[in-house]
1. Quick one: pull the percent of accessible area on region 755-858 belonging to carbon and sulfur, 1.4 Å probe, ligands and nucleic acids left out.
2. May I have the extent of the alpha carbons of region 242-328 along their three principal axes, as whole Å values ordered from largest to smallest?
3. At a Cα cut-off below 14 Å, give the aspartates and glutamates reachable from residue 25, other chains included and same-chain residues fewer than 8 away excluded.
4. Evaluated at 20 °C with a viscosity of 1.002 mPa s, what Stokes-Einstein diffusion coefficient in µm²/s does the chain have when Rh comes from the Kirkwood expression over alpha-carbon pairs?
5. If you roll a 1.4 Å probe over the heavy atoms of the protein chains, what accessible area per residue do you get for region 657-734, in Å²?
6. For region 439-447, in order, what is each residue's ³J(HN,Hα) by Karplus, 6.51 cos²θ - 1.76 cosθ + 1.60 with θ = phi - 60°, in whole Hz (x at glycine and Pro)?
7. If I model a spin label at residue 676 and residue 717 as a point 7 Å from the Cα along the Cα→Cβ vector, what separation in nanometres do I get?
8. Based on DSSP H runs of at least 4 residues, each adding -39500 (n - 2.57), what is the mean residue ellipticity at 222 nm of the chain after dividing by all its residues, to the nearest 500 deg cm²/dmol?
Amino acid sequence: MSAVIAPLLHGEIESPRPLRATDGKIKLTGWCLCAGETSAPAVRLVTTGGTLALTTRTTRADVPKLLPAEPAASQCGFTIEGQLPAGVYLAHCEAQLPDATWQAFKTLSLVVEPAAFTASIETPGATQLVNKRQHLEGWALDPAQRVTDLVLRYGHQEIPCALGGRRPDLNKLYPSAPHATQAGFTSKTILSAGQGPLRLKATLADGSVAIARTPLTIAIQQDENHGPEIDLAAARIALPGYARRVQPKPAVKTSQPLNILFILYGSFASNSALHVAALANELSAAGHSCSVAVPHDVGTLVYHEAVTFRGITFAEAEKGVTFANGRGADIIHAWTTRENVRQLAEKVIAASGGRLVVHLEDNEQEILALTLQRSSAQLAALPAEELARLVPPDLAHPQRSRQMLAQAQGVTVITEKLREFIPAGRPSHRVFPAAAGDYFYPRPPAREFRQALGLAPTTTVLFYHGNVHASNAAEMRALYAAVLELNRTGHATVLLRTGLDRVDFLGQIAKEVAPYIMGLGQIHHHRHLPPLMALADIFVQPGQADAFNDYRFPSKLPEFFAIGRPVVLPRTNLGKTLRHGIDAYVLEQADAAGIATAVRELRTDRALYDRLAQGATAYAAQHFSWRRSAEELAKFYQTLGGTIASVTPTPRPSRLLITGGRGRLAALITQHFTAQGYPITRFSRQSGDDMHAWSTLTEPAQLAGAGTLLHLAWSTLPATSEKSAGAEWQDDLPALEKILQALTQLAPAERPHFIFFSSGGAVYGNAPGRPNVETDQCQPIGWYGKAKRAAEELIEGYVASHGLACTILRISNPYGYPVPQNRLQGIIPHAIRCAADGQTLTLWGDGHAQKDFLHYTDFLAALEQVITRRLTGTFNLSAGESHSVREVIALVEQQMGKKIAITYQAAPNWDVDASRLDNRQIIAATHWRPQVTLAEGIRRSIADYRAS
């Protein structure tokens, strides 16, 4: 028996290591005595989650043999029992000394595990393959909280389940979970056609998502919507050009950065959000700091790609908006004069000042009249109280809109005609809309997919994305009527449509036109539209010149032109500036008859079709650029008066200290920062080769005068951690605590900035149906993630108690750096090697696991910002977009021109299936943003591999 000896104390913990507690219940046994004392001391267990006192004393026959001179040896045994919240702790076993002070005699790891979400399929019975359509029954339980929603997932299917089935038998298995007796479920419908392993996805009471694997595989070939002609096991037909195009060159940085607050009238799912998000991203890339406030559903921000601004709610904005430099907003850009926008703008300006800019994109009074079904004259005649009652928060009040415009320092408009509403003498600027150039670009026809849909080459496919509402209901009916007329006259035409119908607009033609409409519903992620648009032959914007259309600029028009197909539209708004027969097919009135005539002519005159397709592409390239629009907008902001002080980053630190100095990331960091003149000292467990001994790191002479300490040292990887569960608590965590303790011994002015490299995927566990943000509860599912989270909690404790300047970087999956061929790590280099050498790639799972991949050059650029700004806090450091393993393999195959042979193995239970990291917080704090797309990063990795 070994003993850990501290001053005056002898003792040992004898419970199995590492200490683990299930369901929060802890039982700790051991012995402790104080040298020379006649009675054993009181003992306790101290963690950040709480303190547990001595429960019982036990006699010991063995300790007197070990310490025969100690009078308390035979009575020094103890047991500590109790409950602690779920978590990973560095636990201190303490004993009370004769002077009543407490002293630790043992420090160990303690994992308090909540019982995991689990499920069982009981109907059908014992089987591994289900190939018959039937209901599934079983139970699903999280002992800590109720399951509020449950779906069965396989292939492309999600089958909802009815919850609340009585299961009194589970009470014996889970006595601490009273809701276990109602954990039964039944699928609401019989299984639909689909193929793949069966998983259960549960939404829990706290909003988190849990996934349980099952041994079942579903293989149902047909149902009422899937006939025998559809082979669900066949290889998927990809839509062409889905991958993101290479991003444009980095934006030119401004010398006068602004803090800009945009205020939107709706969520990030609204059409206006496309414009605001694009402008905010470009302004952020130029060095400005942007926030966008929305009244509700801030979570819809995930619908936008590569966001570099901060999304907040109106409620948060009312409490005050502070930017990275500690100041408030220089510009408050109110997106329309709608009531909810106006009210928030007034509150923000009253609280912290700023220059008000109002944006106009519609004839708001015409929209109000159409919505309320009253003319503008009727509305003007209403008493003030009645009018205020009728105007909803998301529409503009006639009088208050004019007052808001009169108070603004500047006005932006989307069309020239909107200048009619600007008060005389008020500065104004036209913001030209555009399309996201990294997704909307000329795309070849998706012939293979059209064939799979059963569309003959002679069938004309039209495409329209957008909602139907009171303002455009009549013109949308005209578009549908044109489709019906074309089919009646022998011209096979299909309308591919996305969006929602907020009003009933078809009337009597609804039934007859239905066979010619492919409705896809609402497409939340705008980047998913271009591959669908590639199916189209012609784009049509219906309408005519009137009080609604003359003032607007439909946001879909730049996207139509960018794809490279002929565009049919009326001579209003953009149509007034286009050349008929060169840029587009411009109709005096794009009604049913006019649209049908235009489509027939384009389908029979190939020269005209090709000329307008080329004209659309040329017009888009010349006129539509979000970067250009953002640059001009920033210049307009600067003309509105006032001097904006530049944000000066913190000076570079004098010296960098790096632990884990022999690791590959440490080598990359050393190379990068040495080239910039940073003095660097590296530490490793083995000294030599310009490495300092790990044991010397905590000496005051090493720490004093250093600017930053980068702690990369870690003894395990996810796979090796599972093989030696809890090893980190014997090595990494005590070493970390020693470093933190040494930092507290320095004067605050002498302490280096401490940066800890955590794991973004491992500490969160599976993403809750959206990218994880830093404030999400961490739910690690493997020992590696639990250990990293334990380290974070230890750092957080020292920050709270000692005020250390610490940063925790939750990094995704860095890749792209050169690695020796005999030391490959990660799916990307493994796939490249297998493609190059004709080897078989062994894959965990079925390839649908989602991961975030961050190119190492982007990682280094972000780290530089963190160091130079001395940024503190916890941040996700990621690309901000996740890709399935299958996507990665497909990109490697495409760029190497070789297929990769794959064998599949069951994914280990600790492997995170859905890793998605939100990187907006670090982008907002540093103005960094990732520059290397996955496709480009893989291209570079292949080149490096071939050169090695």
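1. Working: 1750 of 3700 Å².
So the carbon and sulfur contribution to the accessible surface is 47 percent.
2. The Cα atoms of region 242-328 stretch 38, 35, 16 Å along the principal axes, largest first.
3. Counting by Cα, and skipping residues close in sequence, residue 25 has these aspartates and glutamates nearby: 81, 113.
4. Values: Rh = 32.0 Å.
D, rounded to a whole number, is 67 µm²/s.
5. With all protein chains present, region 657-734 gives 43 Å² per residue.
6. 10, 9, 8, x, 10, x, x, 8, 5
7. 2.9 nm
8. Values: 29 runs with 277 residues, N = 948.
Theoretical 222 nm ellipticity from helices: -8500 deg cm²/dmol.
The values are calculated or read from the model by the stated rules, or taken from the named source; none is laboratory data. Note that the structure is predicted; figures quoted are calculated from it, not measured. Here the Cβ is made from the backbone with ideal geometry for all residues, glycine too, and neighbour counts use every protein chain on show. We work out accessible area using only protein heavy atoms, side chains counted, and drop any ligands, DNA or RNA first. Shrake-Rupley method; radii C 1.70, N 1.55, O 1.52, S 1.80 Å.
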